[in-house]
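I have placed the structure first, in the form of structure tokens, so that the comments after it can refer back to it.
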Amino acid sequence: QLIRGPGTPQASIASISAASESEIRELARLPLEELKALARAAADRVHGNKVLLRGLIEVTNHCAMDCLYCGIRRSNTRAVRYRLSHEELAATIAAGRRAGFMTFVLQGGEDPALAGDGLLRLAETARTAAGPEAAITLSFGIRSRRQYEELKAAGADRYLMRFETADPELHRYLRNGLSLEQRLKALEDVRAAGLQLGSGFMTGLPGETGETLINNVLLAQRLGMEMGGVGPFIPHPETPLRDAAGGDLERAVRATALLRLALPACHIPATTAAGTIHPEGREQMLEAGANVLMPNITPVVHKKHYLLYPGKICIDESGFQCVGCLSVRVMGRGLRLSWERGDALPVVT
Ligand code: 5AD
Ligand code: FES
């Protein structure tokens, strides 16, 4: 029996054991529906039927990196670049607070303008606008240990940085020379700075195998990450991977379910990328144990320019409209939206 413990939602987390490596390998061979049911049951026991809401704000699409898969890579000269002003950011967060959001996820490329103390100033603006109660999550790639510490001191609570793939060779190739080791070192620095740690990976990357998927889940577990995002790779026409096959939904949903069973306490979003490749992609991820949704509250004028991949959903809606849409979508699955902060739970491995 993989899942132990009383059946009450939010039961003692310690009573739910994480799947071991051999169990993960076994689970990976299950038919999709069986795997999803196990993962959803684990999510129900730890997280109940709540789906945590986070307001996503895409702060800048300038990026010094040149990842082969990414639509805002430096070499994509067709990307229309933007950067929110401090005033726009503050106004977006204030509107988010009025709507009820208690977590704001600020995401951006590795924008040279945010080097030095640029990101620090942004974190301070965010903290002021959000007030002392709401959580601030940042996602701006690799920084120094010292910078993570300063961000934490400025009021950031959490940091997200996917490792993208656990395959070192594939990582180096797709990230244009950046090693997996460098990425993992940065994740260690995030943790050492006392920030809640989020990471994750893409599924269906070119050159990926079934073993890669298992290794992604095992690496996520080793990291003990408290938040974990999984999304299918979607080829962008203005990148070197334009002709690659994208990831399919089943693989992304399987990965989500395995991640849930490997890390029962982890906050796992039903991702926009999943919703982009299939109209019910996010619902499928919720059924596979995801417990977070991240409506995109970036000002609508900028939203369409943050295109990591083509076809992104909810481009013309404000994130506040999405909340209504999402509440209907989760209700159909016996779930309900929650405005709680949703801090990291102690991770049991
Ligand atoms: N398809 C799907 N996901 C992508 N990301 C970047 N480019 C793509 C793409 N083409 C993901 C990466 C990154 C996150 C913000 O978006 O995993 O960490
Ligand atoms: Fe954005 Fe449905 S979630 S429109």
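Screening region 320-340 for residues that are charged (D, E, K, R) and within 16 Å of Pro295 (Cβ to Cβ) and picking the one that is nearest to ligand 1 (Cβ to nearest atom) gives Arg329.
Only a single item in (1) modelled with pLDDT of 95 or more; (2) closer than 23 Å to Phe201 by Cα; (3) crowded, with 16+ Cβ neighbours inside 10 Å is not met by Val347, and it is number (1).
Just name the residue that is surrounded by the fewest Cβ atoms within 10 Å (Cβ to Cβ) out of those in region 67-81 that are of a type in the set (A, V, I, L, M) and farther than 12 Å from Arg242 by Cβ. Ranking the candidates gives Val80 first.
Checking each residue in region 305-332 for being of a type outside the set (Asp, Glu), within 14 Å of ligand 2 (Cβ to nearest atom) and in a loop (DSSP other than H, G, I, E, B) picks out Gly311, Lys312, Ile313, Cys314, Ile315, Ser318, Gly332.
Considered as a group, the residues in region 287-301 that are farther than 17 Å from Val51 by Cβ and assigned to a loop (DSSP other than H, G, I, E, B) include one that is nearest to ligand 1 (Cβ to nearest atom), and that residue is Thr298.
Select from region 91-121 the residues that are under 21 Å from the mean Cα position of the chain (by Cα) and small (Gly, Ala, Ser) and list them in ascending order. Scanning region 91-121 gives Gly96, Gly100, Gly108, Gly109. Taking the conditions exactly as written (free of Cβ contacts under 8 Å to residues at least 40 places away in the same chain, away from ligand 1 (no atom under 14 Å from the Cβ) and at positive phi), does Gly177 satisfy them or not? Considered against the rule, which asks whether it is free of Cβ contacts under 8 Å to residues at least 40 places away in the same chain, away from ligand 1 (no atom under 14 Å from the Cβ) and at positive phi, Gly177 comes out as yes.
The values are calculated or read from the model by the stated rules, or taken from the named source; none is laboratory data. All of these numbers come straight from a predicted model, not from anything done at the bench. So basically every Cβ, Gly included, is an ideal-geometry build from the backbone, and we count neighbours across all protein chains shown.
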